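Everything on this sheet refers to the single structure shown next.
The values are calculated or read from the model by the stated rules, or taken from the named source; none is laboratory data. This one's a predicted model, so the numbers in the text were calculated from it and none came from an experiment. Here Cβ is always computed from backbone atoms with ideal geometry, including for glycine, and neighbour counts include all displayed protein chains.
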Amino acid sequence: MTLRTSYTLIAPFYDLLIRRFSQKLRINSLQRLGDVNGLSILLPGIGTGLDIPHLPAGAHYTGMDLTPAMLKRAQLQIPEGLNMALQTGDAMALPFENNQFDCVIMHLILAVVPEPQKALAEAARVVKPGGRILILDKFLKPNETAWLKRAISPIMGRIATRTDVVFEKLFSSLPELTLNYNEAAGLGGWFRHIELNKD
Ligand SMILES: C[S@@+](CC[C@H](N)C(=O)[O-])C[C@H]1O[C@@H](n2cnc3c(N)ncnc32)[C@H](O)[C@@H]1O
């Protein structure tokens, strides 16, 4: 089963499963946006659009996802007055020019894609120098044993999300990025708020 197929099946239940748990985490992450007036902001893997009600107006947002069934729900979340376009696409091969966005918001996508280092490298490519990448996701600490999370990851990764991604491994191969913020967000630090700057 591909991720697109499983997220097509998950789409009708996604908000019910994820909204309540994730709402405070996503609000806290998006507070880091600050003044967005005139900015161009990309959300790869936007899903059903649970971030959309919390996005400040004033920016031009592009939401992208691999799964049309998720995007269909996201479309219904866009309020009047929010400048947002949605399209299908792959976070590991973004259909955008280099240095196109002021900010890339990666909520619950880096641990989902099969090659998270590629997805982070793509975000780094499309963000402008001086721009930011905001991440909310679950990551193992570099030396964490977490045998159960590592053991179930191959199966979970095919269905919905990997559980063995170590952020520091992704980040270490991208010297153009600086770590600006890295704090526990929930579930004993498994979920983290991360902010990266592109030099
Ligand atoms: C866990 S959901 C997160 C959705 C949303 N960002 C949120 O915070 O609720 C993961 C999303 O990533 C999408 N996805 C999976 N693989 C992808 C890929 N290679 N490129 C873009 N989106 C992908 C899925 O369709 C799904 O909508």
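Find the helices (runs of 4 or more DSSP H) located wholly in the stretch 78-173 whose residues include 2 or more that are of a type outside the set (D, E, K, R), within 16 Å of the ligand (Cβ to nearest atom) and free of Cβ contacts under 8 Å to residues at least 24 places away in the same chain, and list them.
147-159
Taking the stated definitions as given, is I10 within 14 Å of the ligand (Cβ to nearest atom) and at pLDDT 95 or above? Step through it out loud before you land on a result.
Values: within 14 Å of the ligand (Cβ to nearest atom): yes; at pLDDT 95 or above: yes.
The answer is yes for I10.
Given the condition crowded, with 18+ Cβ neighbours inside 10 Å, within 12 Å of the chain's Cα centre (by Cα) and on the phi > 0 side of the Ramachandran plot, answer yes or no: does some residue in the stretch 106-126 qualify?
Among the residues of the stretch 106-126, at least one is crowded, with 18+ Cβ neighbours inside 10 Å, within 12 Å of the chain's Cα centre (by Cα) and on the phi > 0 side of the Ramachandran plot, which makes the answer yes.
Quick one: in the stretch 33-51, which of the residues that are within 10 Å of the ligand (Cβ to nearest atom) and either of a type outside the set (A, V, I, L, M, F, W, C) or surrounded by fewer than 23 Cβ atoms within 10 Å (Cβ to Cβ) (or both) is farthest from N182 (Cα to Cα)?
T48
Determine which member of the set L30, L25, L71 is touching a Leu at 6+ places or on another chain (Cβ under 8 Å), within 11 Å of the ligand (Cβ to nearest atom), farther than 20 Å from R192 by Cβ and assigned to a helix (DSSP H, G or I).
Working: L30 fails: farther than 20 Å from R192 by Cβ; L25 fails: farther than 20 Å from R192 by Cβ.
Only one candidate qualifies: L71.
How many residues are under 20 Å from N28 (Cβ atoms), touching a helix residue (DSSP H, G or I) at 6+ places or on another chain (Cβ under 8 Å) and surrounded by fewer than 17 Cβ atoms within 10 Å (Cβ to Cβ) if we restrict to the stretch 52-81?
Qualifying residue count for the region: 3.
Which of the residues spanning the stretch 55-68 are assigned to a strand (DSSP E or B) and near the ligand (Cβ under 8 Å from one of its atoms)?
M64, D65
Conditions (1) out of contact with any Pro (no Cβ under 8 Å at 6 or more places or on another chain); (2) of a type in the set (S, T, N, Q), marked per residue:
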site: V112; (1), (2): yes, no
site: A119; (1), (2): no, no
site: L134; (1), (2): yes, no
site: N143; (1), (2): yes, yes
site: G189; (1), (2): yes, no
